[in-house]
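Down below is the structure, laid out as structure tokens.
The values are calculated or read from the model by the stated rules, or taken from the named source; none is laboratory data. Just so it is clear, the model here is predicted, and its values are computed rather than measured. We place every Cβ from the backbone using ideal geometry, glycine too, and count neighbours over all the protein chains shown.
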Amino acid sequence: MKAQNFRALIEQLGDLSQVQRDALVDVLTANGSGDQAVALIETRFAAAPACGHCGEADFKPWGSASGLKRYMCRACERTFNALTGTPLAGLRLREKWLDYARSLVDGISLRKAAERTDIHLETSFRWRHRFLAVAKDKKANAVTGIVEADETFILKSAKGSRKLVGRAPRKRGGKAKKSGLSTDEHDAILIVRDRHGETTDAMLTDLSAETIGAHLKPVVAKDAVLVTDGNKAYEAFAATTGITQMALVASAGERTIGCYHIQNVNAYQSRFKCWMVRFKGVASKYLPSYLGWRRMIERDGEALTPRHCLAGAMG
């Protein structure tokens, strides 16, 4: 930390509440992975202390349990701790959480994460989706300026399912029976990204103008320039909203119009698919978690550390 920033931090210490002061002391005196995880949890709570049940900030200390301080809410009269109401509530083995968060930073498979952290494979699976619960829903609220939109397709997967419906089991991977791309045998993912890196995505139930438009309308700014391929669904959306659209017709060899192209979103799709290869197949119902995970990696970059990942998992 630069000296100027450190001086500014010292000057702000007098503004800390008692809960925040206690949390800061815990962080500075923490020893070992377990203590560090607990200190981080308490510090995250101290930044915006509130009841995990009703959200009120009027509470009092109520002892401790399992290494975490407990509080009694004066509004709903229920006890809680810093994890109450978060995706991590109820999980055990906190001394291994930071090590497991490292596996998310490194982007390794469930089995490798379990071996590295010395936990059961089922525990690794449960932790992964708890740790990614917040990231799964953390998307750009708005995309502005030059906005690129395109769909990408992944063959549907029922990996791990014991009751397949509609088809016989197949070897991992495989090929679609029908030619072309459709939502019959593929998961269609709409990815929307602007030139500032703001990204959002959605699983599409179909490729109709109504479905695509429903996902675009809440996030695409009205003064944005929407750059897409020749899909008529985007044209219909632009016509109903008045948004300027630049449609690139790849079949005619037209891939750029001046400064307009979809190479930004296409490159993102390529990075996502290449990154997914290491997992050797992901069940379709879990794709939103992996999309959120990839957005987190792209968004946070070098700032994505185990501590950052653990703090983000609390919401």
>> Just checking, does the stretch 292-301 include any residue being without any contact (Cβ under 8 Å) to a residue 24 or more places away in the chain, out of contact with any Leu (no Cβ under 8 Å at 6 or more places or on another chain) and buried (at least 18 other Cβ atoms within 10 Å of the Cβ)?
In response: yes
> Of all the residues that make up the stretch 59-70, how many are surrounded by 12 or more Cβ atoms within 10 Å (Cβ to Cβ) and over 18 Å from GLY90 (Cα atoms)?
Replying inline: 3
> Can you name the residue in the stretch 3-15 that is at pLDDT 70 or above and not aliphatic (A, V, I, L, M) and, of all such residues, is farthest from THR43 (Cα to Cα)?
Replying inline: GLN4
>> Checking LEU310 against (1) assigned to a helix (DSSP H, G or I); (2) over 28 Å from the mean Cα position of the chain (by Cα); (3) aliphatic (A, V, I, L, M), only one condition comes out false. Which one?
In response: (2)
> Only one residue in CYS51, CYS73 is over 28 Å from CYS309 (Cβ atoms), crowded, with 18+ Cβ neighbours inside 10 Å and modelled with pLDDT of 95 or more. Which one?
Replying inline: CYS73
>> Tell me which strands (runs of 3 or more DSSP E) are completely within the stretch 193-276 and hold 2 or more residues being of a type in the set (A, V, I, L, M) and over 24 Å from the mean Cα position of the chain (by Cα), or say none if there are none.
In response: 225-228, 244-247
>> With the requirement that a residue be crowded, with 19+ Cβ neighbours inside 10 Å and closer than 24 Å to GLU302 by Cβ, what does the stretch 97-133 give you?
In response: TRP97, LEU98, TYR100, ALA101, SER103, LEU104, ALA113, THR117, TRP127, ARG128, PHE131, LEU132
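Conditions tested, residue by residue: (1) assigned by TED's automatic domain parsing to the domain that holds GLY145; (2) of a type in the set (Val, Ile, Thr); (3) exposed (fewer than 14 other Cβ atoms within 10 Å of the Cβ).
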residue	(1), (2), (3)
SER182	yes, no, yes
HIS186	yes, no, no
LEU204	yes, no, no
VAL219	yes, yes, no
ASP223	yes, no, yes
